[in-house]
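What follows is a set of notes on a single structure, which appears directly below.
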């Protein structure tokens, strides 16, 4: 009900006047089943300038779904599409992008309807957008996120694999914003299935492409590995660790949980970006097989 319908563009928009950083803005839109704003036409830009007039006066711009975080100077949308050769390429303000101090990798749109590169950690309002023909409800998983799906051999859960790496804390937040949580393994069978997701998603451009963040850590109780719901791993149903031993110094620095391609649990550095798996329980009375 918070979305505005623009009949001329067959599009729904929502202005989030509560400012935040670019990453959280993106995650909040995706948790609503929409996308951080990517303008399509010059006419739409004019319409968006009117929408921005509803912002608080001290805000000068909004975040849009464009960045060059993968390759400096090569701007792409949050859908992975390059802006080169599109109308978006011609919407930069004069002298922009300029990547001041090498820190400006996310894009805002000013009240004048022009793009500027700014640090992703800056705080701005943002707009979420979805085309009318994309508004589909995920009946299987009881949400609006079509990225979630059940697995034929696991009952009571839907999964969403995130191949774009985040820190453990940001992964936790991303799953939470999608009204799910970082996946918790409940059986050896499920561990095998989850490890198989890694085999289906190869990404060699991240610090460790062989692990997947899960919903456990020892952040609440040092050296007591518990799931984000408070269970011990044994209580959750799966506690098989990698047989590889690490020295004590390394172990103390690794506080967040993951699973390897071999299906064993591992502890890793919480701030090291990795792929991750979200899950949504769709029937709390069903037992994971």
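Values in this text are rule-based calculations from the coordinates and carry no lab data. The structure presented is a predicted model; accordingly, all values stated were derived computationally and were not measured. Note: ideal-geometry Cβ built from the backbone for every residue, glycine included; neighbour counts use all protein chains shown.
FRET efficiency for residue 90 and residue 206, Cβ-Cβ distance as r, R0 = 35 Å, nearest 0.05? Before the final figure, lay out the partial values.
On the way: r = 33 Å, r/R0 = 0.94.
Taking R0 as 35 Å, the efficiency between residue 90 and residue 206 is 0.60.
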Exercise. What would the Debye formula give as log10 I(q)/I(0) at q = 0.13, 0.29 Å⁻¹ for the alpha-carbon point model of the stretch 181-240, no solvent?
Worked result: -0.38, -1.18
Exercise. Nearest 10 degrees, 0 to 90: what angle lies between the long axis of helix 188-200 and the longest principal axis of the chain (Cα atoms)?
Worked result: 40 degrees
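Order of 261-269, 228-236, 182-190 by packing, highest average Cβ count within 10 Å first? Walk me through the intermediate numbers first.
Values: 261-269: 17.9, 228-236: 14.1, 182-190: 21.2.
With the highest mean Cβ count within 10 Å placed first, the list reads 182-190, 261-269, 228-236.
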Exercise. Expressed in nm to one decimal, what extension gain is obtained for the pair residue 264 and residue 103 from 0.36 nm per residue of sequence separation less their Cα-Cα distance?
Worked result: 54.2 nm
For this session: On each of the three principal axes of the Cα atoms of the chain, give max minus min coordinate, whole Å, ordered largest first.
Result: 58, 44, 33
For this session: Sorted from largest down, give the three principal axis spans of the alpha carbons of the stretch 149-281, whole angstrom values.
Result: 41, 35, 29
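So for the stretch 1-95, averaging the separation of alpha carbon pairs under 8 Å that are six or more residues apart and normalising by length, what relative contact order in percent results?
Numbers: 68 pairs, mean separation 19.1, N = 95.
Relative contact order comes out at 20 percent.
Report the percentage of all Cα-Cα pairs in the stretch 4-133 whose separation exceeds 21 Å, rounded to a whole percent.
Details: 2799 of 8385 pairs.
Here the long-distance tail beyond 21 Å is 33 percent of all Cα pairs in the stretch 4-133.
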For this session: Report, in whole Å, the centroid distance computed from the Cα atoms of the stretch 201-241 and the stretch 1-69.
Result: 35 Å
For this session: Give the Cα extents of the stretch 147-202 along the principal axes, in whole Å, largest first.
Result: 28, 25, 19
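Hey, what number do you get for the chain at 222 nm if only DSSP H runs of n ≥ 4 count, each worth -39500 (n - 2.57), divided across all residues, to the nearest 500?
After summing the helix terms and dividing by residue count, I get -5500 deg cm²/dmol.
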Exercise. Say each of residue 58 and residue 18 gets a label point 7 Å from the Cα, pointing the same way as Cα to Cβ; how far apart are those two points in nm?
Worked result: 1.8 nm
Exercise. So how do 122-129, 105-112, 87-94 stack up, highest first, on mean other-Cβ count within 10 Å?
Worked result: 122-129, 105-112, 87-94
